[in-house]
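Since the structure comes first, as structure tokens, the remarks are kept for the end.
The values are calculated or read from the model by the stated rules, or taken from the named source; none is laboratory data. Since we're looking at a predicted model, the values are computed, not measured. Cβ sites come from the backbone with ideal geometry, for glycine too, and all protein chains shown count toward neighbours. We work out accessible area using only protein heavy atoms, side chains counted, and drop any ligands, DNA or RNA first. Shrake-Rupley method; radii C 1.70, N 1.55, O 1.52, S 1.80 Å.
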Amino acid sequence: MQPPPEDAPGSEPGDWKILSVPLDSPPPSEIPTEEDEPPQSGWVAGPPTRGPGGPPGGRIFSLEGRPAAGLYLVAWLLSLGGVALLFIRSLTDPAGPGGYRFVLGLAGIAALTIGLAAGAGYQVVARSRRDPGWYRGPSPILCFFLVLPVSTLLSVLLSIAGIDVSSGNAVGFLLGLLAVGAGYASVVWIFVVRTGALSWSEMGWPRRLALPQSLNAIGLAVATMLPATFAVLIFGGLVATLLGGVHAPDVLPAARSQLDAAAVAIAAAVVAPIGEELFFRGFALTAWLRDLGQRRALVRSAIFFAAVHVLNIQSTTFEIGAKQAILVLAEIVPLGFVLGWLFLQRGILASIAGHVTYNSILLLLPIVLESGSRVSG
């Protein structure tokens, strides 16, 4: 499962294909996790808590027989403590002393960051006994939840430095997405690349850029995404009509100047696609390919990608929020499949180009329609 040497027959420098992932056939059986693997040398599983195998999840809060049990304990204590601090902060009066709420929030986010980082480190240790052909790093879902407090801490640091990173203004929206992108990159680098679970080339990034291959990847992405985008929009429109005319949540700030418009365009059409493709296709899809095979990995990554976008919904009522969630899933799940297919065909550059194309069309389409209505009027 190692990439062939560059002098191997049929290989070319800068090859875009994911050479380390077997795409033609699924693994022979379900891949066990550290929770259900049989006892191995140096690791003796603890006794069941009830019945032949104990209750579902019965070993989650057990330290017996775990590698790096202290790390596992720290992960749970700090993660739960961080959530508790954030919950307490949510109960405090917003009109009360701002410093008190700020300290509670910062302490909660810091504790949650360290706790989730400890959990990711524990999974690296626990999965180190897996076969090298399987994925041996932390769960992509756990890594995503680690990205949230990491990017929040980066935004807090920018705010302390006097930089407005609120999503209500265009420049703050751009800086906020840059913080999220930095969170994606840092978590993947520290817990996936540095631990040896996956390399950048195994996650679809080319060793060197070759112009013909780059143009081929970009051309395939644009040619694929142009019809796919309008198909997604038509399907989304049908779903919205069935839901009573609900609209997708608008997460973009209003542009009041040319600088604002440029900031929004860069954030939505460049920064967001690069960060999300690095994480959701380059990392998550590649990791699941090793354990699940192509079909199941594509399904899981597309649903994961859509579920994360549901988190952006902020609605005044539960009914509207639920309808918006259904609409977002109906639009983003197919998009995730298409981007995943592009990634498998031509690597990360193709999925980034496809994502840029999709977001750019969404940005330009209202402008084109408005200009057309003015001309016709």
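Of the residues that make up the range 160-175, is at least one within 17 Å of the chain's Cα centre (by Cα) and either more than 30 Å from residue 107 (Cβ to Cβ) or surrounded by 18 or more Cβ atoms within 10 Å (Cβ to Cβ) (or both)?
Going through the range 160-175, the residues within 17 Å of the chain's Cα centre (by Cα) turn out to be none.
No: zero hits.
If I go through the range 191-246 residue by residue, how many of them are assigned to a helix (DSSP H, G or I) and open to solvent by 30 Å² or more (accessible area, probe 1.4 Å)? Count: 25.
For the range 129-150, which positions are open to solvent by 50 Å² or more (accessible area, probe 1.4 Å) and either outside any helix (DSSP H, G or I) or without any contact (Cβ under 8 Å) to a residue 24 or more places away in the chain (or both)? Step through it out loud before you land on a result.
First, pick out the residues of the range 129-150 that are open to solvent by 50 Å² or more (accessible area, probe 1.4 Å): 129, 131-132, 134, 136, 141, 145, 148.
Selection gives 131, 132, 134, 136.
Do we find that residue 303 is in contact with a helix residue (DSSP H, G or I) (Cβ under 9 Å, 6 or more places away or on another chain) and in contact (Cβ under 8 Å) with a residue 12 or more places away in the chain in this structure? So residue 303 passes the test.
Among the candidates 272, 240, single out the residue that is closer than 16 Å to residue 366 by Cβ and not charged (D, E, K, R).
The unique qualifying residue is 240.
When 106, 112, 86 are screened for being at pLDDT 95 or above and either β-branched (Val, Ile, Thr) or under 30 Å from residue 184 (Cβ atoms) (or both), only 112 passes.
Does residue 178 satisfy being buried (at least 19 other Cβ atoms within 10 Å of the Cβ) and over 27 Å from residue 199 (Cβ atoms)? No. Looking only at residues that are open to solvent by 40 Å² or more (accessible area, probe 1.4 Å) and aromatic (Phe, Trp, Tyr) in the range 51-78, which one is modelled with the lowest pLDDT? My answer is 61.
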